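See structure below.
The values are calculated or read from the model by the stated rules, or taken from the named source; none is laboratory data. Small disclaimer: the values here were computed from a predicted structure and weren't measured. Neighbour counts run over all protein chains shown; Cβ positions are idealised from the backbone, glycine included. Areas reflect the complete protein model, heavy atoms only, side chains present, ligands, DNA and RNA absent. Shrake-Rupley method; radii C 1.70, N 1.55, O 1.52, S 1.80 Å.
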Amino acid sequence: MMTTVTMNPTTTEAQTLVSRNPATGEMVGEVPITPVEAIPTIVRRARDATKAWRGMTIEQRIALIEPAGKKLVDRAEELGRLLTLEMGKPLAEAMGEVKGCGSTMSASLKSIAEALEPEPLEDDSTASKMYFDPLGVAAVITPWNFPLAMPHWMVLPALAAGNTVVMKPSEETPLIAQAYAEILNESLPPDVLQIIHGADGQGKALVEAEVDLIAFTGSRETGSKIMQAAGGGLKRLVLELGGKDPLIVMEGADIEKAAEFAARNSFRNAGQVCVSTERIYVDGRIADQFQEAFIRHTQGMKVGSGLEEDTKIGPMISARQRDHVLSQVKDAVNRGAKVVYGGEGHRDQFVMPTILTEVNHTMPIMRDETFGPVACVARYTNADEAVELANDTPFGLGAVVFGPDDQAEQVARQLDAGMVGINKSCGGAAGSPWVGAKQSGFGYHSGKAGHRQFTQTRIVSRPRG
Ligand code: NAD
């Protein structure tokens with residue numbers, strides 16, 4: 001059995017966090033663990049740095065953040081390789097993640113600056129200006145599945161808005177996060193961005209320290225703990241949490257396109273994506289045809305090391321994650337689910353893409369997040385039933401409907417999700433927020449409204465002359 005991270009607080013090794021390649025178990029590198037007792041001091045340094053940082057104009061701050069964009073693009077190959085070694089995803093996707101963050105840096109910063117521009121408001125008696133001011137110190141706590149993009153999408157708006165940041169990346173992927181912070185720090189003033197390493201103990205200590213905002217991406221369970229811990233100090237929160245995304249395939253849909261999407265979106269990143277398709281509801285009249293096409297598209301997906309050129313599905317991040325996925329499948333099968341593809345041939349931390357049918361909502365696999373390469377296909381008889389089933393989970397991150405435009409739109413509008421795609425993935429056009437409904441999130445990032453959540457809104461008013 002392989003594990004990716006060794007944290008043994010009782011030995012000398014206790015001082016280091018060892019990162020292992022999930023494809024081989026080999027050590028990739030290590031970083032020093034931040035002692036929990038040091039975290040209040042680190043946060044105090046971040047607070048001391050806020051004065052000068054918030055005193056700059058947003059243009060001055062952007063000028064110090066922006067150079068990191070080109071550096072990420074220039075180093076995409078090297079950093080993509082590190083990302084694959086540490087996290088397991090196929091190299092092309094890892095390089096795409098690095099390049100994507102770097103190449104959109106300038107546009108992202110521009111859109112943040114536009115969103116935070118002071119806004120005049122007037123009525124007959126009063127002239128006001130609405131400002132979007134820094135909050136102070138932001139804690140950014142992130143997961144491992146997009147180990148560069150997840151910190152990036154929260155660090156960027158926090159810094160540009162004039163907050164200083166203490167980031168705590170996942171204990172599974174410290175090296176790529178460290179590289180990201182170092183690149184930004186080549187042009188940032190001292191203590192504006194600090195990074196700490198460790199697991200939940202360090203996360204808890206950061207949440208409990210004197211921070212003003214906690215921007216978190218991760219699981220629903222941890223989000224709930226953070227919300228409780230933040231409650232005493234009424235700290236501001238942006239929580240981007242887990243998902244259990246449904247795909248509804250209606251009669252009249254382009255079945256080939258729906259099946260191709262289902263295979264890609266269920267199994268990409270070994271299903272370790274918050275908006276992975278985990279449940280598929282298909283109109284009974286086209287279900288056989290869809291299932292055949294879905295299996296056909298899945299058959300072409302090679303499982304292996306992310307460094308091998310034609311790999312489409314890499315390893316699971318950890319033995320723990322693999323065990324969670326396989327036990328959910330086993331439980332579903334014990335309750336009557338049928339494996340129509342995969343379900344065997346798993347080795348080490350590689351889980352074969354698996355398709356289950358004859359599933360129902362008494363099975364935990366239909367309501368709890370899987371976060372692995374498993375898709376469950378159920379049949380429905382009418383659109384109301386499909387909507388009811390799709391909404392029968394505490395999550396509400398993304399959802400997708402394939403079908404004739406008008407009918408698909410009617411269904412889409414009834415889904416309890418923050419982002420709904422019609423005949424495409426759930427992500428919106430440039431400028432859209434990344435937003436979850438129900439227990440998939442509390443607050444959100446990106447888009448005008450998302451950028452403003454990293455700020456304190458402040459109204460300054462005077463009488464109208
Ligand atoms: P996780 O919740 O286990 O950990 C996330 C981070 O929180 C890690 O850095 C971890 O060390 C830290 N942490 C753990 N306990 C903590 C505590 N009590 N207080 C403070 N910090 C704590 O999640 P994970 O396994 O790293 O990531 C997978 C999860 O992230 C999935 O649920 C996935 O859906 C979700 N996710 C959501 C989005 C989104 O945009 N909504 C994006 C990516 C991943």
> Which condition does residue 239 not pass, out of (1) more than 12 Å from the ligand (Cβ to nearest atom); (2) surrounded by 24 or more Cβ atoms within 10 Å (Cβ to Cβ); (3) within 28 Å of residue 365 (Cα to Cα); (4) not hydroxyl-bearing (Ser, Thr, Tyr), if it passes all the others?
Replying inline: (1)
>> Looking only at residues that are over 23 Å from residue 151 (Cβ atoms) and of a type in the set (Val, Ile, Thr) in segment 416-437, which one is surrounded by the most Cβ atoms within 10 Å (Cβ to Cβ)?
In response: 420
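May I ask you to verify whether residue 188 is more than 7 Å from the ligand (Cβ to nearest atom) and within 18 Å of the chain's Cα centre (by Cα)?
Judged against the criteria, residue 188 is not a match.
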> Taking interchain pairs and intrachain pairs at least six residues apart, which have beta carbon atoms under 6 angstrom, with the first residue in segment 206-230 and at negative phi and modelled with pLDDT of 95 or more and the second basic (Lys, Arg) and more than 7 Å from the ligand (Cβ to nearest atom)?
Replying inline: 213/236; 214/235
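Sort through 339, 329 and tell me the only one that's among the hydrophobic types (A, V, I, L, M, F, W, C) and surrounded by fewer than 17 Cβ atoms within 10 Å (Cβ to Cβ). Walk me through how you get there before you give the answer.
Numbers: 329 fails: surrounded by fewer than 17 Cβ atoms within 10 Å (Cβ to Cβ).
Residue meeting the stated conditions: 339.
Could you tell me whether residue 381 is out of contact with any helix residue (DSSP H, G or I) (no Cβ under 7 Å at 6 or more places or on another chain) and surrounded by fewer than 21 Cβ atoms within 10 Å (Cβ to Cβ)?
Details: out of contact with any helix residue (DSSP H, G or I) (no Cβ under 7 Å at 6 or more places or on another chain): yes; surrounded by fewer than 21 Cβ atoms within 10 Å (Cβ to Cβ): yes.
It is true that residue 381 is out of contact with any helix residue (DSSP H, G or I) (no Cβ under 7 Å at 6 or more places or on another chain) and surrounded by fewer than 21 Cβ atoms within 10 Å (Cβ to Cβ).
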> Which of the residues belonging to segment 438-455 are over 20 Å from residue 416 (Cβ atoms) and surrounded by fewer than 17 Cβ atoms within 10 Å (Cβ to Cβ)?
Replying inline: 448
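What residue, of 175, 159, is surrounded by fewer than 24 Cβ atoms within 10 Å (Cβ to Cβ), in contact (Cβ under 8 Å) with a residue 60 or more places away in the chain, closer than 20 Å to residue 72 by Cα and away from the ligand (no atom under 13 Å from the Cβ)? Full working, then the answer.
Values: 159 fails: surrounded by fewer than 24 Cβ atoms within 10 Å (Cβ to Cβ).
Step by step, each of 175, 159 is checked, and only 175 is surrounded by fewer than 24 Cβ atoms within 10 Å (Cβ to Cβ), in contact (Cβ under 8 Å) with a residue 60 or more places away in the chain, closer than 20 Å to residue 72 by Cα and away from the ligand (no atom under 13 Å from the Cβ).
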> Any residue at all in segment 263-277 that is crowded, with 19+ Cβ neighbours inside 10 Å, assigned by TED's automatic domain parsing to the domain that holds residue 367, more than 16 Å from the ligand (Cβ to nearest atom) and touching a residue at least 24 places away in the same chain (Cβ under 8 Å)?
Replying inline: yes
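Does residue 319 fit the bill of being closer than 11 Å to residue 374 by Cβ and open to solvent by less than 60 Å² (accessible area, probe 1.4 Å)? Outline the logic, then answer.
Working: closer than 11 Å to residue 374 by Cβ: no; open to solvent by less than 60 Å² (accessible area, probe 1.4 Å): yes.
Here the answer is no, as residue 319 does not meet what is asked.
Inside segment 385-432, can you point out the residues that are part of a strand (DSSP E or B) and more than 14 Å from residue 283 (Cβ to Cβ)?
Within segment 385-432, the first condition is being part of a strand (DSSP E or B), and the residues that meet it are 398-402, 419-422.
Of everything in segment 385-432, those that are part of a strand (DSSP E or B) and more than 14 Å from residue 283 (Cβ to Cβ) turn out to be 398, 399, 400, 419, 420, 421, 422.
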> With respect to the numbered conditions (1) assigned to a loop (DSSP other than H, G, I, E, B); (2) within 14 Å of the ligand (Cβ to nearest atom); (3) polar (S, T, N, Q); (4) more than 15 Å from the chain's Cα centre (by Cα), which one is the sole condition not fulfilled by residue 170?
Replying inline: (4)
>> Considering only residues that are touching a residue at least 60 places away in the same chain (Cβ under 8 Å), away from the ligand (no atom under 16 Å from the Cβ) and touching a Phe, Trp or Tyr at 6+ places or on another chain (Cβ under 9 Å), which ones fall in segment 112-146?
In response: 112, 115, 116, 132, 134, 135
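For segment 41-96, list the helices (runs of 4 or more DSSP H) that sit wholly inside it and hold at least 3 residues that are of a type outside the set (Ser, Thr, Tyr) and open to solvent by 70 Å² or more (accessible area, probe 1.4 Å); which are they? If you could, list the steps in order and put the result at the bottom.
Numbers: elements: 58-65, 67-74, 76-87.
The qualifying helices (runs of 4 or more DSSP H) are 76-87.
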> When the residues of segment 193-227 are filtered to those that are in a loop (DSSP other than H, G, I, E, B) and more than 8 Å from the ligand (Cβ to nearest atom), which remaining residue is most open to solvent (accessible area, probe 1.4 Å)?
Replying inline: 210
> Before we move on, is residue 149 away from the ligand (no atom under 16 Å from the Cβ) and either in contact (Cβ under 8 Å) with a residue 40 or more places away in the chain or open to solvent by less than 20 Å² (accessible area, probe 1.4 Å) (or both)?
Replying inline: no
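Condition check: surrounded by fewer than 17 Cβ atoms within 10 Å (Cβ to Cβ), under 23 Å from residue 220 (Cα atoms) and modelled with pLDDT of 95 or more. Does residue 404 satisfy that? Steps first, please.
Details: surrounded by fewer than 17 Cβ atoms within 10 Å (Cβ to Cβ): yes; under 23 Å from residue 220 (Cα atoms): no; modelled with pLDDT of 95 or more: yes.
No, not satisfied.
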> residue 252 fails exactly one of the following numbered conditions: (1) on the phi < 0 side of the Ramachandran plot; (2) surrounded by fewer than 20 Cβ atoms within 10 Å (Cβ to Cβ); (3) small (Gly, Ala, Ser). What is the number of that condition?
Replying inline: (1)
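If only one of 245, 254 is within 10 Å of the ligand (Cβ to nearest atom) and of a type in the set (Asp, Glu), which one is it?
Numbers: 254 fails: within 10 Å of the ligand (Cβ to nearest atom).
Answer to the check: 245.
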